[in-house]
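S.K.: Structure provided below as structure tokens; questions to follow.
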Amino acid sequence: MKAVLPDSKIPKRWYNILPDLPEPLEPPLDPETGEPMEPEKLLRIFAAELVKQEMSNERYIEIPKKVRELYAKIGRPTPLFRATNLEKALGTPARIYFKYEGATVTGSHKINTALAQAYYAKEQGIERLVTETGAGQWGTALSLAGALLGLKVRVYMARASYRQKPYRKTIMRLYGAEIYPSPSDRTEIGRKFLAQDPNHPGGLGIAISEAIEDVLRDEKARYALGSVLNHVLMHQTVIGLETKEQMKEFEEPDVIIGCVGGGSNFAGLAYPFVKDVLDGKADYEFIAVEPKAAPTMTRGVYKYDYGDSGGYTPKMKMHTLGHTYYVPPIHAGGLRYHGLAPTLSVLINHGIVKPIAYHQNEVFQAAELFAKTEGIIPAPESAHAIKGAIDRALKAKEEGKEEVILFNLSGHGFLDLGGYEDYLDGKLEDYEPDYFPALELP
């Protein structure tokens, strides 16, 4: 069972949650002065239209025609499936649906914002985009967006994933991008971390610092971010807007689930549904799933912190483990982040979104069952959502309760087979911190 929309149903507007949040976001703070950040300072880092979108209180923002055309070219609208074989294997009365973002040409949801960011950069006359990537999905997406729109792209990839997923960097190079393992010897912050540990596994926080330092050396370059900030999450709402149309062919969901690193794929599916809850029109339940190795939502503190490890970004009020937290080298590289989207942090604080965390071995076990029953090998990041959906379906079985579960399968795992081989050979380690530096934040 599946629902496929025609190209004409690609959303014409993104949904911006800012005007609907239960409380306004705290302002980002200038890392130099500690005062609220002036938008003008952000213009040296981001494309101007993205800065405008980041601060906008317009509920809906029009998607440019060119971006919608590119969405169709890369595989939007993506399909919605019912996981009937998984339901049978679990013996559950629950009905499980998933939105499959792995159907895009780059294999994940990341292309949704990559195309938008590259489009606005091109319109502004920017020549090069620089970014970070964890598992490589975001770097791949931005590399293709640059190729399609005529922009140079440079990617700093967390060193652990650079080693674990070698063919990700091959794809980025095929799309014309430069790629470097992070920490690298190309930046001051990279050299600092390498001096501390020549085999440092890196992480998204360090890669973000390197990308920003790189951008600040080149007037024709700007930074592109793969998650966390509001404009990024807003671009991803095409996922949920499409899904709402597709679910009309089936039924209303009771619970909506997604994995979380910075928050973009979760927000992409959930935020259009969250709007209905905030408007008092629905009572959906939202579950955000993270790794126990980076338990930002379940164990982090809600304080001002840097979005990167080097302290280059504005400080944001968010759930954080501390920007110097050493994230263990789990295979879900896209979830190896110390912070969280400020908008998602607010929703958690108000009890609208409920976070849970899992170890990577139990996540890979869920992924194995999903592959055997539904045929799709999920990305390790997306497998966290699958684990959440399976546990929820088993709970429904215990309670003898019919329930409609919807989750976002944010990407495929065809380039994560090294992680699956480690799992099958019993070599995966589970990590859980005893201490994280956010405990010492003021």
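The values are calculated or read from the model by the stated rules, or taken from the named source; none is laboratory data. Predicted model only: the values in this text are computed from it and were never measured. When we count neighbours, we look across all protein chains shown, and the Cβ atoms used for this are built from the backbone with ideal geometry, even at glycine.
S.K.: Between a first residue in segment 240-252 that is under 10 Å from P77 (Cα atoms) and a second residue that is surrounded by 14 or more Cβ atoms within 10 Å (Cβ to Cβ) and among the charged types (D, E, K, R), which pairs have beta carbons less than 6 Å apart while being 6 or more apart in sequence or on different chains?
M.R.: T243/K99
S.K.: Kindly indicate which of E40, E69, E54 is assigned to a helix (DSSP H, G or I) and either of a type in the set (S, T, Y) or surrounded by 16 or more Cβ atoms within 10 Å (Cβ to Cβ) (or both).
M.R.: Among E40, E69, E54, only E54 is assigned to a helix (DSSP H, G or I) and either of a type in the set (S, T, Y) or surrounded by 16 or more Cβ atoms within 10 Å (Cβ to Cβ) (or both).
S.K.: What are the residues in segment 287-341 that are crowded, with 24+ Cβ neighbours inside 10 Å, in a strand (DSSP E or B) and touching a strand residue (DSSP E or B) at 6+ places or on another chain (Cβ under 6 Å), if any?
M.R.: Selection gives A288, V289, E290, D305, H319, T320.
S.K.: Where the second residue is part of a helix (DSSP H, G or I) and aromatic (F, W, Y) and the first is farther than 12 Å from D254 by Cβ and in contact (Cβ under 8 Å) with a residue 12 or more places away in the chain and lies in segment 274-285, which pairs have Cβ atoms under 7 Å and are six or more apart or on separate chains?
M.R.: none
S.K.: Which ones in segment 409-442 are in contact with a Lys or Arg (Cβ under 8 Å, 6 or more places away or on another chain), modelled with pLDDT under 95 and more than 17 Å from A293 (Cβ to Cβ)?
M.R.: Within segment 409-442, L415, G418, L441, P442 qualify.
S.K.: Checking the conditions here, which among L439, L406 is touching a strand residue (DSSP E or B) at 6+ places or on another chain (Cβ under 9 Å) and surrounded by 13 or more Cβ atoms within 10 Å (Cβ to Cβ)?
M.R.: Result of the check over L439, L406: L406.
S.K.: Could you say which residue among E101, E132, E127, E123 is among the acidic types (D, E) and within 21 Å of S184 (Cα to Cα)?
M.R.: Of E101, E132, E127, E123, the one residue that is among the acidic types (D, E) and within 21 Å of S184 (Cα to Cα) is E132.
S.K.: On to the next question. List the pairs whose first member sits in segment 427-441 and is farther than 15 Å from V363 by Cβ, whose second member is not in a loop (DSSP other than H, G, I, E, B) and not aliphatic (A, V, I, L, M), and whose Cβ atoms are under 6 Å apart, counting only residues at least 6 apart or on separate chains?
M.R.: A438/T320; L441/K303
S.K.: Oh, and also: Residue under question is T131, and the condition is that it be among the β-branched types (V, I, T), farther than 30 Å from L409 by Cα and outside the structural domain of M247 (by TED's automatic domain parsing); does it hold?
M.R.: no
S.K.: OK, next. State yes or no: is F364 buried (at least 22 other Cβ atoms within 10 Å of the Cβ), modelled with pLDDT of 95 or more, in the same structural domain as V274 (by TED's automatic domain parsing) and part of a helix (DSSP H, G or I)?
M.R.: Spelling it out, F364 is indeed buried (at least 22 other Cβ atoms within 10 Å of the Cβ), modelled with pLDDT of 95 or more, in the same structural domain as V274 (by TED's automatic domain parsing) and part of a helix (DSSP H, G or I).
S.K.: Which one of the conditions (1) aliphatic (A, V, I, L, M); (2) within 15 Å of the chain's Cα centre (by Cα); (3) at pLDDT below 95 does A294 fail to meet, given that it meets all the rest?
M.R.: (3)
S.K.: A follow-up question, please. For E381, are the conditions met, namely being buried (at least 22 other Cβ atoms within 10 Å of the Cβ), touching a residue at least 12 places away in the same chain (Cβ under 8 Å), among the charged types (D, E, K, R) and assigned to a helix (DSSP H, G or I)?
M.R.: When the stated conditions are applied, E381 passes them.
S.K.: Something else now. Which of the residues that make up segment 194-216 are surrounded by 23 or more Cβ atoms within 10 Å (Cβ to Cβ) and farther than 19 Å from V228 by Cβ?
M.R.: P201
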